[in-house]
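The values are calculated or read from the model by the stated rules, or taken from the named source; none is laboratory data. Note that the coordinates shown come from a computational prediction; the quantities given were computed from them, not determined experimentally. Reconstructed Cβ throughout: ideal geometry from the backbone, glycine too, with neighbour counts over all protein chains shown.
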Amino acid sequence: MRVMVGLALAGALLSTAAGADVKAGVDAWARGDWATAVREWQQPAAAGDADAQFNLGQAYKLGRGVPMDMAQAERWYALAAQQGHRQAEDNYGLILFQNGKRADAVKWLEKSSQRGEARSQFVLGTMLFNGDAVKKDWRRAYALMTRASSAGLPQAAATLAEMDRYVPLPDRQAALAMARDLERNAGRPRLTAVQPQPTTPAARPTPAPTPRAAPVAKAPPAPVAKPTAIRDGGWRVQLGAFKDAGNARRLWSSVSDKFAGRQPYYEAAGANTRLQVGPFASSAEATRACAAIRPTPCVAVKR
């Protein structure tokens, strides 16, 4: 199985520096006067201003004020990235990949991924899964894709679901621990479990606007009290991730009788809601619980 990259790399964020020409260019850009913006940036960019260089890279990538030219965009991003301009570093790695220079892209994608840049995590995770210009590493690929998905990148959520079909359970469990380390190192807030909110549906962002899911009228069942005989060994089972939180609650309603004495956990994952059930004393106990509800998708996870 090979995962394909489908990612919109274009963006319109610009950098503003103290230089009057750079700011004048940004003001012109905001008015939609692309040609004037490009003229304002050309001289400071040639003189080595990293913000102007990054902004020219954006103009060439988007084809605004100049013909679209990915080679020129790459050139200006490179000049700014080599000066430590973070937005340029992020875009440089992505455009190197897009322009087919994948081995050259790895260094910059690594740097951006460590900072928590979701698009770079998605692309690098795909490369690691496929063994594309890097050594194949499914654990790290799954960890990076988990972080990109948690950041709300819709392509990452879809790709993660595909990876679930191929990455062995022990590797997925190790990858989740790795993803938590990535999260801490990037300074992102930790994901926390949330209680069900029946009137607040969740909707995963998509590249094009879509109608928002309707709120669920039916209240979810109350969590089942954990009997004293059940030991919590830190294991749960996960029944899926849902862009509509109501779907998670409806699934729990249909399978709750299979999990006597356990309770549901609705965990936020970016714009998605993960349905987990527990606790379980061990991996083996959680795996047996999954087997009892097949063909419903189910995987044992370590908290």
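Restrict the check to segment 57-75 and report whether at least one residue is among the aromatic types (Phe, Trp, Tyr), under 30 Å from Ser149 (Cβ atoms) and either at pLDDT 95 or above or not assigned by TED's automatic domain parsing to the domain that holds Ala151 (or both).
Let us first name the residues in segment 57-75 that are among the aromatic types (Phe, Trp, Tyr), namely 60.
Imposing the further condition that a residue be under 30 Å from Ser149 (Cβ atoms) reduces the set to none.
Checked against the condition, which is being among the aromatic types (Phe, Trp, Tyr), under 30 Å from Ser149 (Cβ atoms) and either at pLDDT 95 or above or not assigned by TED's automatic domain parsing to the domain that holds Ala151 (or both), segment 57-75 yields no hits at all.
Please indicate, with yes or no, whether at least one residue in segment 93-109 is within 16 Å of the chain's Cα centre (by Cα) and not charged (D, E, K, R).
Let us first name the residues in segment 93-109 that are within 16 Å of the chain's Cα centre (by Cα), namely 94, 109.
Next, only the ones that are not charged (D, E, K, R) stay: 94, 109.
For segment 93-109, residues within 16 Å of the chain's Cα centre (by Cα) and not charged (D, E, K, R): present.
Within the option set Ala148, Ala81, Ala157, Ala141, being more than 16 Å from the chain's Cα centre (by Cα), buried (at least 22 other Cβ atoms within 10 Å of the Cβ) and of a type outside the set (Lys, Arg) holds for one residue only, Ala81.
For segment 166-207, taking the residues that are in a loop (DSSP other than H, G, I, E, B) and aliphatic (A, V, I, L, M), the one that is modelled with the highest pLDDT is identified as Val167.
Which of the residues spanning segment 73-108 are over 17 Å from Leu153 (Cβ atoms), small (Gly, Ala, Ser) and part of a helix (DSSP H, G or I)? Steps first, please.
Taking segment 73-108 first, the residues over 17 Å from Leu153 (Cβ atoms) are 73-89, 92, 95-96, 99-108.
Filter once more, so that each one left must be small (Gly, Ala, Ser): 73, 78, 80-81, 84, 88, 100, 103, 105.
Ala73, Ala78, Ala80, Ala81, Ala88, Ala103, Ala105 - these are the residues of segment 73-108 that are over 17 Å from Leu153 (Cβ atoms), small (Gly, Ala, Ser) and part of a helix (DSSP H, G or I).
One residue stands out among those in segment 92-108 that are crowded, with 16+ Cβ neighbours inside 10 Å and small (Gly, Ala, Ser): the one that is nearest to Leu56 (Cα to Cα), which is Gly93. Somewhere in segment 109-122, is a residue assigned to a helix (DSSP H, G or I), surrounded by fewer than 24 Cβ atoms within 10 Å (Cβ to Cβ), in contact with a helix residue (DSSP H, G or I) (Cβ under 6 Å, 6 or more places away or on another chain) and among the acidic types (Asp, Glu)? No, that holds for no residue.
Would a scan of segment 245-259 turn up a residue that is assigned to a loop (DSSP other than H, G, I, E, B), out of contact with any Pro (no Cβ under 8 Å at 6 or more places or on another chain) and among the polar types (S, T, N, Q)? I'd like the intermediate steps shown before the answer.
So in segment 245-259, the residues assigned to a loop (DSSP other than H, G, I, E, B) come out as 259.
Pick out the ones that are also out of contact with any Pro (no Cβ under 8 Å at 6 or more places or on another chain) and you get 259.
Among the residues that remain, those that are also among the polar types (S, T, N, Q) are: none.
The answer is no, given that none of the residues of segment 245-259 is assigned to a loop (DSSP other than H, G, I, E, B), out of contact with any Pro (no Cβ under 8 Å at 6 or more places or on another chain) and among the polar types (S, T, N, Q).
Scanning segment 252-264 for residues that are within 30 Å of the chain's Cα centre (by Cα) and among the hydrophobic types (A, V, I, L, M, F, W, C), we see that the one that is modelled with the highest pLDDT is Val255.
Condition check ((1) out of contact with any helix residue (DSSP H, G or I) (no Cβ under 6 Å at 6 or more places or on another chain); (2) β-branched (Val, Ile, Thr); (3) closer than 18 Å to Leu169 by Cβ) across all residues:
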{"site": "Trp235", "(1), (2), (3)": "no, no, yes"}
{"site": "Ala241", "(1), (2), (3)": "yes, no, yes"}
{"site": "Asp257", "(1), (2), (3)": "yes, no, no"}
{"site": "Tyr265", "(1), (2), (3)": "yes, no, no"}
{"site": "Thr273", "(1), (2), (3)": "no, yes, no"}
{"site": "Phe280", "(1), (2), (3)": "no, no, yes"}
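Within the set Gln58, Gln53, the sole residue that is in contact (Cβ under 8 Å) with a residue 40 or more places away in the chain, polar (S, T, N, Q) and either in contact with a Pro (Cβ under 6 Å, 6 or more places away or on another chain) or surrounded by 20 or more Cβ atoms within 10 Å (Cβ to Cβ) (or both) turns out to be Gln58.
From the list Ala47, Ala30, Ala81, Ala24, pick out the single residue that is of a type outside the set (S, T, N, Q) and in contact with a Phe, Trp or Tyr (Cβ under 7 Å, 6 or more places away or on another chain).
Values: Ala47 fails: in contact with a Phe, Trp or Tyr (Cβ under 7 Å, 6 or more places away or on another chain); Ala30 fails: in contact with a Phe, Trp or Tyr (Cβ under 7 Å, 6 or more places away or on another chain); Ala24 fails: in contact with a Phe, Trp or Tyr (Cβ under 7 Å, 6 or more places away or on another chain).
Checking each option against the conditions leaves just Ala81.
Among the residues of segment 234-281, those identified as more than 22 Å from Glu183 (Cα to Cα) and of a type in the set (Lys, Arg) are Arg249, Arg250, Lys258, Arg262.
With respect to Asp232, is the statement that it is under 16 Å from Val301 (Cβ atoms), surrounded by fewer than 21 Cβ atoms within 10 Å (Cβ to Cβ) and more than 25 Å from the chain's Cα centre (by Cα) true? Write out each step before concluding.
On the way: under 16 Å from Val301 (Cβ atoms): yes; surrounded by fewer than 21 Cβ atoms within 10 Å (Cβ to Cβ): yes; more than 25 Å from the chain's Cα centre (by Cα): yes.
Criteria met by Asp232.
One residue stands out among those in segment 265-298 that are at pLDDT 80 or above and β-branched (Val, Ile, Thr): the one that is surrounded by the fewest Cβ atoms within 10 Å (Cβ to Cβ), which is Thr287.
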